[in-house]
Amino acid sequence: MGKYVLRRFINYFILAFIATVTAYIASSSFMDPAARYRGQNPPLSEASIQAILNGHGTNPDVPVLERTWTWLTNIFLHGDFGTTVHNSPVVQEILVRAGVSLKLLLIGSILGAVLGVILGVWGAVKQYRASDQTVTYASYLIIATPTFVIGVLLMIIATAFNKMLGTTLIRFTGDYTANIDPGFLPWLTDQISHMLLPTLALVLMGAATYSRYQRSVMLDVLASDFIRTARSKGRTRKTALVKHGVRVALIPMSTYFAYAFGTLVAGSAMLEVVFSWNGMGQFTINSILQSDINAAAGSVLFVAVLTLLASTLSEVLYAALDPRVRI
């Protein structure tokens, strides 16, 4: 187990390093960080713009490889990923915003996966019945709908619901309310109120995709010989499906989890913009819109680490479901 952890850590370090450096080089090559300073009123002199860019380490007049080497040197010697266009350290921004995004991602991905698996198994067992058809059409509708549209639709429904109640029960602007009453219960109530809609959007997206894959895999399992063998040995249909069928059908889903998590990360970024959450998703989108090279590279590092951790979790789940696999 120790060798496995060490091997995975080394692999993760190399992959995250390659992804981050590639992102920095690509951002430095295609972004124009000086554009946001030109055309300001009052106008900045070219010397002032050059001084600002040199302070951020993003001056396009300096060769890309030279800037990359300086950036890497600061990382390994000082743990410094540079500063954003707002003069705040990238590391500090990531530490503050990561908790906001993880709160949404972890809950949304887990609930979405569990619900999707349940719906997929149910659809396979009840193949072509009304419940299966309903889940199928709803899933395809959600998959075909852009993430931000789902968020906006939920906001419209929540607004109508609040109006019907005559009070703001569901809040969907920001991830918390300023100046709430002190105490754990008011804080918890406020957190649930703000998290409800974006989490629900992620759950719907995850459940829609998971249910389609799980249903397909479960249909293959239902036609397998070991299910018929278990039934011939006296197992009831329910026991054979739960103890043998579902476990086998979950094996390929554990691999799919790592890839689906990356999709959820992208979806959560749009939801953070729609619901005004100051998380890593909003940070990443703003870094691209503002040609913020250092922030863009830091954002890629965050996503790379999350994706690699999800990959490790999928391997652990695979080994737990399949006794033939050891890690």
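For the reader, a short list of remarks on this structure follows.
- Cβ separations smaller than 8 Å between residues 6+ apart or across chains give the following pairs from segment 95-113 residues that are farther than 16 Å from Ala201 by Cβ to residues that are open to solvent by less than 60 Å² (accessible area, probe 1.4 Å) and assigned to a helix (DSSP H, G or I): Arg97/Met280; Arg97/Gln282; Arg97/Phe283; Ala98/Met280; Ala98/Phe302.
- Taken together, the residues in segment 148-182 that are open to solvent by 30 Å² or more (accessible area, probe 1.4 Å), not polar (S, T, N, Q) and not in a loop (DSSP other than H, G, I, E, B) amount to 12.
- Scanning segment 299-319 for residues that are within 13 Å of Thr255 (Cβ to Cβ) and open to solvent by 50 Å² or more (accessible area, probe 1.4 Å) yields Leu313, Glu315, Val316, Leu317, Tyr318.
- Pair list, Cβ < 9 Å and 6+ apart or interchain, from segment 183-195 residues that are within 19 Å of Gly108 (Cβ to Cβ) and in a helix (DSSP H, G or I) to residues that are basic (Lys, Arg) and at pLDDT below 90: Asp190/Arg171; Gln191/Lys103; Ser193/Arg171; His194/Arg171; Met195/Lys103
- Members of segment 276-298 found to be open to solvent by 60 Å² or more (accessible area, probe 1.4 Å) and within 16 Å of the chain's Cα centre (by Cα), listed by number: Asn278
- Segment 1-48 - residue that is more than 32 Å from the chain's Cα centre (by Cα) and modelled with pLDDT of 85 or more and, of those, most open to solvent (accessible area, probe 1.4 Å): Ala47
- Among the candidates Leu53, Leu44, residue that is assigned to a loop (DSSP other than H, G, I, E, B) and either over 15 Å from Asp292 (Cα atoms) or out of contact with any Lys or Arg (no Cβ under 8 Å at 6 or more places or on another chain) (or both): Leu44
The values are calculated or read from the model by the stated rules, or taken from the named source; none is laboratory data. A quick note: this is a predicted structure, and the numbers were derived from the prediction, not measured. In this analysis, Cβ positions are derived from the backbone assuming ideal geometry, glycine residues included, and neighbour counts consider all displayed protein chains. Accessible surface is based on the protein model in full, side chains and every heavy atom, while ligands, DNA and RNA are left aside. Shrake-Rupley method; radii C 1.70, N 1.55, O 1.52, S 1.80 Å.
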